[in-house]
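Here the structure is laid out as structure tokens; the discussion comes afterwards.
The values are calculated or read from the model by the stated rules, or taken from the named source; none is laboratory data. Please read all numbers here as calculations on a predicted model, not as lab measurements. FYI the Cβ positions are ideal-geometry reconstructions off the backbone, even for glycines, and counts take in every protein chain you see. Ligands, DNA and RNA are excluded from the accessible area calculation, which covers all protein heavy atoms including side chains. Shrake-Rupley method; radii C 1.70, N 1.55, O 1.52, S 1.80 Å.
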Amino acid sequence: MSKLSLSLILLPVMVANTLLPDASAQSGKVNADLIVVGGTIVTMDNTRRIIDNGAIAISRGRIVAVGPAAEIQKGYFARETVDAAGRMIIPGLINGHTHIPMTLFRGLADDLDLQEWLTKYMFPAEAKNVSEEFVRAGTRLGLAEMLRGGTTTYCDMYYFEDAIAEETSKAGLRGVLGETIIDFPVADNKTNAEAMAYAEKFVKRWQGNDLITPAIAPHAPYTVSEEHLKAVRAFSDRTGAPIVTHIAETKREVDDSLKAKGASPVDYLERIGFLGERVIAAHLIWVTAAEIDTLKRLKVGVVHNPQSNMKLAAGVAPVPKMLAEGLRVGLGTDGAASNNDLNMWEEMDTAEKLHKVFSGDPKVISAQEAFELATIRSAQALHLDREIGSLEVGKRADVVIIERDDLHQLPLYNVYSDLVYATKAADVLTVIINGRIVMRDRKLLTLDEAAIKESARVFRERVVKSLQNTGP
């Protein structure tokens, strides 16, 4: 008996209490909330199954069946059906590293190295402008941009993260959201004690939420003391909250760490007991083979940010080596102030090509591997692969429907080649998150696009005015 046939036998027992007596009971079908039917399903399951003319049945926010359309339609009845005939159906994309409110700083300071960009521009601009109102406006702008491009989950680090969680939940996106811990006064908390107390309330409020995974986010080992890093790890051990951080982003960071601490950032963090399976670390560009072994052994999630790293000339992370060694590696955009967008399609294309030219090997990072980095591998990096990252029975119903018949997509020979090399964010038609349709036929259903644009323009004027005459 096939896995699909077995699931069709077992699932009526699992969802029996949702049967509709006037429809499914009479037909002998299992009731579902939504069925996506037709199109080519790119499952990203363990076998990387691709199903032509497939269908997905969804109930209570989860996938209850995936298979050929004829079989799903024979076994399931739904109150609503989405016709995806002639389209591509993929798992929602996962942006493994962002600072979402920084969309409002997009283009403010470009063509600088990381330390100059941070210390002379971003930190001062944030000090003059960031408020809860600013954060909410920037978050809504970023959420709309990500939805447009088929991103259904993102991992964030910023201030007023509770407000970010509220906006994310209202918009219907999924987020691993980290409240920043940093050793100088910032917009929401002026001391470490205040920041830790905020994180405590934040995590307690959102834990167990279907969409929001609350996290704690020490900025980096060079901006957070050893004492405070240890306290963050103890907090994570006690609450189970993930830890989001930056590690080994520049060579200067490594050199300074060797001088000040007698160890590289990775070795230092291992020495103080900070690293572990709840850590999600962005960048990790300047790491050795031995440190890659350490990251693998400690099950650290790694997020590659190729466009941001290129723009800041930070370097090229050894992602092919990490993949070969079996690390949990995902893909992210970083914040829109250093990228300057939240477009995961561009990130896939860049990652794939960057490592070919950097290594001199055109076989490095295949199109399929690049698509994995934005889906199932990003889910692994966020330690959420049991819930998201692929279209499989039991997982959260995060589903994206993509146009596959535009001029730049024809003719189609290989699904992964088309997705990574040819597909654009504008090709995303419909987005379903946790079983809820949040964008249909390119129309946002949970966000007010006109209001978001107007708010962004208002804050642009405020930022410009705050920096006039004094410089950032």
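What the table below lists for this structure:
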read-out: Check on residue 308, over 18 Å from the mean Cα position of the chain (by Cα) and either within 26 Å of residue 147 (Cα to Cα) or polar (S, T, N, Q) (or both); value: no
read-out: Candidates 112, 141, filtered to the one that is in contact with a helix residue (DSSP H, G or I) (Cβ under 8 Å, 6 or more places away or on another chain), of a type in the set (A, V, I, L, M), over 28 Å from residue 66 (Cα atoms) and assigned to a loop (DSSP other than H, G, I, E, B); value: 112
read-out: Options 248, 260, 241; residue that is out of contact with any Lys or Arg (no Cβ under 9 Å at 6 or more places or on another chain) and on the phi < 0 side of the Ramachandran plot; value: 260
read-out: Subset tally (residues that are of a type in the set (Asp, Glu) and assigned to a loop (DSSP other than H, G, I, E, B)) for region 443-459; value: 1
read-out: Subset of region 145-166 (residues that are surrounded by fewer than 24 Cβ atoms within 10 Å (Cβ to Cβ) and under 18 Å from residue 459 (Cα atoms)); value: 145, 163
read-out: Cβ-Cβ under 6 Å pairs, at least 6 apart or on other chains, region 189-205 side within 16 Å of residue 163 (Cβ to Cβ) and assigned to a loop (DSSP other than H, G, I, E, B), far side modelled with pLDDT of 95 or more and open to solvent by less than 40 Å² (accessible area, probe 1.4 Å); value: 189/195
read-out: Which numbered condition residue 135 fails, given (1) part of a helix (DSSP H, G or I); (2) open to solvent by less than 10 Å² (accessible area, probe 1.4 Å); (3) within 13 Å of residue 342 (Cα to Cα); value: (3)
read-out: Residues being assigned to a helix (DSSP H, G or I) and either closer than 20 Å to residue 184 by Cβ or open to solvent by 60 Å² or more (accessible area, probe 1.4 Å) (or both) - total across region 234-244; value: 3
read-out: Test: residue in region 281-289 that is modelled with pLDDT of 95 or more, part of a helix (DSSP H, G or I) and of a type outside the set (A, V, I, L, M); value: no
read-out: Restricting region 399-428 to residues that are open to solvent by 10 Å² or more (accessible area, probe 1.4 Å) and closer than 30 Å to residue 33 by Cα, the residue that is nearest to the chain's Cα centre (by Cα); value: 425
